[in-house]
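Student: Here it is, the structure, as structure tokens.
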Amino acid sequence: MKKIAMAVLAVMLGSSASFAVEVDLTGSLGYGYLLNSIAMINGSATKGKIEILVQALTTNPDDENLKYGIESGYMPLYSLSDVLGSDLTAKYTVTSIPLMGLVKYGLGDTTAIKTGEYYPYVIGGLGFHFVTSALSMTMPGLTLESSETKTYFGSTLGGGIRYRASEKVDLDLSIRYNTINADDTVNVFNILMGVGFRPSF
């Protein structure tokens, strides 16, 4: 599955390069919060985590407000520490590496934006989440560890504001609602702050 995903990624990058006049590269640091409840016996859970996302978008030559491309990164979903008995504790973490195809549309005439100005946009995407679950169980004199990675279909939808800091650099603020179609649907809300660079080819 990973080989297939990387092949799709390469095709998308190749297609983007062949048609693009300008590429939008954005790196974002954000905070993701799991909206699902977590069942525990007697412990504590952390559902909010710092995440990193990187996207590469190209401009549609027929409509410069429209951009499309790919996004990937690292999204911790949650971690918990649970007490299962007087001598047994468990630590469980779940993380995701998303690989999404994105479409972003700027609202207003984004081609006329000058340095010091901003414009809003909407964004959405479909793709895959490579979700890793790691379990560590500790008892006196013994620690057992295991992990498993599964691939799930996912989606993202949101919007943001793009500020033109200079001719080639933008500042970005966005909010997203993410869905991962696992055995039980996972919902994550995140807020992201990023820096975008627009090299031309």
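Student: Quick one: of Lys47/Lys168; Lys67/Lys150; Lys47/Lys104; Lys49/Lys114; Lys47/Lys91; Lys49/Lys150, which pairs are farther than 25 Å apart, Cα to Cα? Can you show the working numbers first?
Tutor: Values: Lys47/Lys168 36 Å; Lys67/Lys150 30 Å; Lys47/Lys104 28 Å; Lys49/Lys114 35 Å; Lys47/Lys91 14 Å; Lys49/Lys150 20 Å.
Pairs exceeding the cut-off: Lys47/Lys168; Lys67/Lys150; Lys47/Lys104; Lys49/Lys114.
Student: Can I ask one more? Quote the FRET efficiency, to the nearest 0.05, computed for Leu25 versus Tyr177 with a Förster distance R0 of 22 Å and r equal to the Cβ-Cβ distance. Please report the intermediate quantities before stating the final value.
Tutor: On the way: r = 24 Å, r/R0 = 1.08.
With R0 = 22 Å, the Cβ-Cβ based efficiency is 0.40.
Student: If you don't mind, there's one more thing I want to ask. Could you please state, rounded to a whole Å, how far the C-alpha centre of the range 143-201 is from the C-alpha centre of the range 79-141?
Tutor: Answer, in whole Å: 7.
Student: Viscosity 1.567 mPa s, temperature 4 °C: give me the Stokes-Einstein translational D for the range 42-201 in µm²/s, with Rh taken as the Kirkwood radius over C-alpha pairs. Let's see the in-between values first.
Tutor: Numbers: Rh = 17.8 Å.
In µm²/s, the coefficient is 73.
A short reminder: the numbers here are calculations on the coordinates, not readings from a lab. Remember, it's a predicted structure, so these values are computed and weren't measured experimentally. Positions of Cβ are backbone-derived with ideal geometry, glycine not excepted, and every protein chain shown enters the neighbour counts.
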